[in-house]
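Scroll down for the structure; my scribbles are underneath it.
The values are calculated or read from the model by the stated rules, or taken from the named source; none is laboratory data. Predicted model only: the values in this text are computed from it and were never measured. In this analysis, Cβ positions are derived from the backbone assuming ideal geometry, glycine residues included, and neighbour counts consider all displayed protein chains. Note: accessible area is taken over every heavy atom of the protein model, side chains too, but ligands, DNA and RNA are not part of it. Shrake-Rupley method; radii C 1.70, N 1.55, O 1.52, S 1.80 Å.
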Amino acid sequence: MRSFVSALAVILGLLLSAIAVPAIWVDSNIVQEDGFAALAAPLGKDPTFQKRLATAAVASIDTAGSIPGPLSELVRPVLESAAASLTGLPGYPAAWEETLRKSHRLNFAAPATLPPDADSATSVTLDVAPLVALVTKQVSAKAGVPLEAPAQTLVNIGQSNQRQLIERVAVYAPVGYSLAIGAGIAFLLALLVARRRWKVLAGIGIGALALAGLWNLGSSWASDAVVGTASGNEVADLFKREFVAASTAGFGSWILAAAITGAALLAAGLVAGIIGARARKG
């Protein structure tokens with residue numbers, strides 16, 4: 001009976017862990033603003049991404065009609081120059097971080113607090129206004145043309161109805177902490193009631209290795225699914241591809257840690273079993 005209860009507790013703990021770990025990672029790195037900004041911050045340091053994002057930001061100014069028509073030919077060379085030098089400006093790191101934070105607040109804010117344009121959108125929205133403002137300031141200074149940067153430059157990312165998914169994620173991701181506590185209790189119970197604790201350690205280790213494999217497959221599937229949805233907007237597609245790559249790498253480190261922990265538990269269990277068997281023979 002004790003062995004049966006112990007086995008059930010291990011299985012329960014592994015099932016809870018299967019959901020808890022990805023949920024905690026999502027809450028820490030996507031739902032929480034600081035985690036999101038830290039995860040996406042390196043995107044702004046990639047030279048290729050910087051150049052293409054700066055060009056896209058400048059194009060957003062032109063497309064949005066921020067530059068008066070009669071002055072467009074005069075300002076165009078200055079715009080091209082601004083795109084090339086944007087990432088080298090002292091204000092670029094702060095503008096990039098603010099872009100990330102504004103975009104996060106826009107997507108995870110309560111619907112009642114959203115601006116009209118964002119509230120009507122059903123897809124995830126990126127706000128590149130801080131970068132556009134930095135470009136506008138530089139163009140105004142060089143061309144001597146007074147330009148007013150828009151308060152928001154909203155870019156829809158992905159497909160429709162994804163905002164509903166974001167809302168669900170924001171609600172359910174924090175549940176991962178409670179599930180993790182439940183998994184810990186289940187594993188502790190398994191150790192307490194087991195006749196041979198080394199089998200529990202080995203079982204948890206094997207389960208952790210299996211979960212690491214499943215998480216890796218799930219991460220790859222989710223990445224391919226997200227990247228496969230084209231928005232038709234260069235800024236959106238650039239950000240999405242780079243962010244998905246960063247997310248995959250970030251969660252990959254958790255998967256690796258789980259695999260190492262599983263291997264260590266398996267090895268500890270086997271060693272404890274061998275030592276116990278020798279002690280009983282002696």
* Structure fact -> Taking placed amide H atoms and a strict 5 Å upper bound, the residues 5 or more places from Thr125 or on another chain that come that close are Ile157
* Asked: Considering only protein heavy atoms, what per residue accessible area in square angstrom results for the range 196-282 with a 1.4 angstrom probe?
  -> 56 Å²
* Two-site FRET efficiency, Met1 against Ala257, from Cβ-Cβ distance with R₀ of 51 Å, rounded to 0.05 -> 0.90
* How do Trp254, Trp25 stack up against each other in accessible area, from largest to smallest, with a 1.4 angstrom probe? -> Trp254, Trp25
* Asked: Hey, if we sort Val155, Val175 by accessible area with the 1.4 Å probe, largest down, what's the order?
  -> Val175, Val155
* To do: Report the full-extension gain for the segment Ala94 to Ile11: residue separation times 0.36 nm, less the Cα-Cα distance, to one decimal in nm.
  => 25.2 nm
* With a 1.4 Å probe and every protein chain kept in, tell me what percent of the accessible surface of the range 1-55 is carbon plus sulfur. => 70 percent
* Structure fact -> Ranked output for segments 37-48, 96-107, 218-229 by mean other Cβ atoms within 10 Å, highest leading, reads 96-107, 37-48, 218-229
* Compactness of the range 175-260, expressed as Rg and Dmax over alpha-carbon positions, Å -> 18.1, 61
* Structure fact -> Of the accessible area of the range 181-268, computed with a 1.4 Å probe and all protein chains kept, carbon and sulfur make up a percent value of 72 percent
